[in-house]
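Visitor: Okay, here's the structure, questions in a sec.
The numbers here are math on the coordinates, done by the rules we state, and not lab data. Fair warning: this is a prediction, and the values are worked out from it, not measured in the lab. Glycine also receives a Cβ, built like all others from the backbone with ideal geometry; neighbour counts cover every protein chain displayed.
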Amino acid sequence: MTHPRIATYFHLHLVSDSTGETLNAMARAVCARFDDVLPIEHIYALVRSRRQLDRALADIESAPGLVIHTIVDAELRAALEDGCRRLEIACIAALDPLVSAVQRYLGLATSTRVGAQHALDHDYFNRMDALNYAIGHDDGQGGQDLEQADVVLVGVSRTSKTPTCIYLAHRGVRAANVPLVPSRPIPDKLLQLKNTLVVGLTISPDRLIQIRRNRLLSLKENRTSAYIDVDNVREEIVQARRLYERQGWPVIDVTRRSVEETAAAVMNLLTSGRQVDILG
């Protein structure tokens, strides 16, 4: 008889002088490498004064754990590291190894500007424009200017089209999505696209039914319908696959993919060409 494994919990303190997004992503990626490890995250964002840092140190003292930071200011960084030494708590500068390697390679000094990656520059406004485009072209809206998209995602209902488009927008990609609905004709504008990447999303019937059932439960809708009927769902997916094959569109299987992984596959198609593959 196998006994259930007990998860290991620990306090993880993330201290940043900016939004904390970089640090949070790094911490989650590291923790994901360990089975049954669940960090209790304490996030201290926009720490730019000694008063803010002292509050963070007080919290760290009350819940000892691991401290990871991306503090740029030398005085604040020294104060954080001194405080952690006094508390006998490990303190790790998350970006130091990578920054040092790039610095050695380029032979250049680093900038001490806080939040430099969040500057209101050309890339920032491109991302905002892409976000507006994704919102305005969600679920088949704004179909008259699909050719202005970098990519159009096509798929049956609940194949993560919308969240993937929003994620891509945050990467500066103008993404639209068009749903395939059995009772609705496919827009001519979509079929006429010549220079825009169109990607078909597919999914296993079992997984799609599970997602749709959960959606109906969240809406307090319990009645049986064609939306979750096994035969109807399978036919939807088959018809979608046939459409993708006829049009020569590349296909991504989202059955076991997160939104981030689907978006990464789309980015690969954008940068490496439009090979027609079932990307599982």
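Visitor: Using a Gaussian network model of the chain with C-alpha springs under 10 Å, which one of GLN141, GLN247, GLN103 is most mobile by mean-square fluctuation?
Guide: In this elastic network of the chain, the residue with the biggest mean-square fluctuation among GLN141, GLN247, GLN103 is GLN103.
Visitor: Given 0.36 nm per residue, what is the gain on full extension from MET267 to ASP73 after removing their alpha carbon distance, in nm? Write out the running numbers ahead of the final one.
Guide: Numbers: separation 194, 0.36 × 194 = 69.84 nm, distance 3.46 nm.
Result for the pair: 66.4 nm of gain on full extension.
Visitor: When the Cα centres of the stretch 142-163 and the stretch 32-77 are compared, how far apart do they sit, in Å?
Guide: 39
Visitor: Take the chain, connect every pair of alpha-carbon atoms lying under 10 Å apart with a spring to form a Gaussian network, then pick out the residue of GLN210, GLN239, GLN148 with the largest mean-square fluctuation.
Guide: Answer for the Gaussian network model of the chain: GLN210.
Visitor: Once you place label points 7 Å from the Cα toward the Cβ at PHE34 and LYS194, how far apart are they in nm?
Guide: 5.7
Visitor: Let me know the shape class of the stretch 132-190, please: from the alpha-carbon gyration tensor, a ≥ b ≥ c as square roots of the eigenvalues, rounded when a/c is under 1.5, otherwise prolate if a/b is greater than b/c, or oblate.
Guide: oblate
Visitor: Still on this structure, I have one more. Can you check what the net charge comes to around VAL230, using other residues whose Cβ is under 14 Å from the Cβ of VAL230 (Lys, Arg +1; Asp, Glu -1)?
Guide: In short, -1.
Visitor: Are there cysteines in the chain with no second cysteine's Cβ under 4.7 Å away, and if so, which?
Guide: CYS31, CYS165
Visitor: So, one more: Could you work out [θ]222 nm for the chain from helices alone, using -39500 (n - 2.57) per DSSP H run of at least four and dividing by all its residues? Round to the nearest 500 deg cm²/dmol.
Guide: Values: 10 runs with 123 residues, N = 280.
Result for the chain: -13500 deg cm²/dmol, rounded to the nearest 500.
Visitor: Which FRET efficiency value, to the nearest 0.05, do you get for THR22 and GLN103 by plugging their Cβ-Cβ distance into 1/(1 + (r/R0)^6) with R0 = 25 Å?
Guide: E(calc), rounded to 0.05, equals 0.90.
Visitor: Defining a contact as two alpha carbons under 8 Å apart and six or more residues distant in sequence, what relative contact order in percent does the chain show?
Guide: Details: 389 pairs, mean separation 36.7, N = 280.
Relative contact order of the chain: 13 percent.
Visitor: Mind sorting out which of (1) 179; (2) 252; (3) 213 is the real volume of the Cα convex hull per residue in Å³ computed from the coordinates?
Guide: Only one listed value fits the structure, namely (3).
Visitor: Further, regarding this structure: Taking the number of other C-beta atoms within 10 Å as the exposure measure, put THR110, THR202 in order starting with the fewest.
Guide: Final ranking by Cβ density, sparse to dense: THR110, THR202.
Visitor: May I ask you to derive the relative contact order of the stretch 129-280, considering only C-alpha pairs under 8 Å and at least 6 residues apart, and to give it as an integer percent?
Guide: 25
Visitor: Sorted from fewest to most neighbouring beta carbons within 10 Å, what does the list VAL178, VAL230 look like?
Guide: Least to most surrounded, the residues fall as VAL230, VAL178.
Visitor: With the dipole of the stretch 8-117 worked out from charges on the C-beta (+1 for Lys and Arg, -1 for Asp and Glu) around the Cα centre, which of ILE40, ASN24, THR8 lies farthest toward the positive end?
Guide: About the Cα centre, the residue reaching furthest to the positive side is ASN24.
Visitor: Obtain the nm distance between the two label points defined at ASN126 and THR110 by a simple spin-label model: each point lies 7 Å from its Cα along the Cα-to-C-beta direction.
Guide: Each label point is offset 7 Å from its Cα along the Cβ direction, giving 2.5 nm.
Visitor: What shape does the stretch 1-102 have by the C-alpha gyration tensor, where a ≥ b ≥ c are the square roots of the eigenvalues, rounded means a/c under 1.5, and otherwise prolate means a/b greater than b/c and oblate the rest?
Guide: Note, shape of the stretch 1-102 comes out prolate.
Visitor: Could you tell me the calculated FRET efficiency between ILE135 and ASP231, based on Cβ-Cβ distance and R0 = 41 angstrom, to the nearest 0.05? Kindly include the intermediate steps, with their values, before the conclusion.
Guide: Values: r = 35 Å, r/R0 = 0.85.
E(calc), rounded to 0.05, equals 0.75.
Visitor: How much net charge surrounds LEU12 when only the other residues with a Cβ under 11 Å from the Cβ of LEU12 are counted, with Lys and Arg +1 and Asp and Glu -1? All intermediate terms of the calculation are to be shown ahead of the outcome.
Guide: Values: positive: ARG28; negative: GLU41.
Net charge in that neighbourhood comes out at 0.
Visitor: Working out 0.36 nm times the residue gap between ALA90 and ARG241, then minus their Cα-Cα distance, what length gain in nm do you get to one decimal?
Guide: Contour length minus the Cα-Cα distance gives 49.1 nm.
Visitor: Using 0.36 nm times the number of residues separating GLU61 and GLU81, minus their current alpha carbon distance, what extension gain do you get? Display every interim value, and only then the final one.
Guide: Values: separation 20, 0.36 × 20 = 7.20 nm, distance 1.31 nm.
Residue separation times 0.36 nm, minus the Cα-Cα distance, leaves 5.9 nm.
Visitor: Would you mind ranking VAL259, VAL102, VAL154 so that the residue whose beta carbon has the fewest other beta carbons within 10 Å leads the list?
Guide: VAL102, VAL259, VAL154
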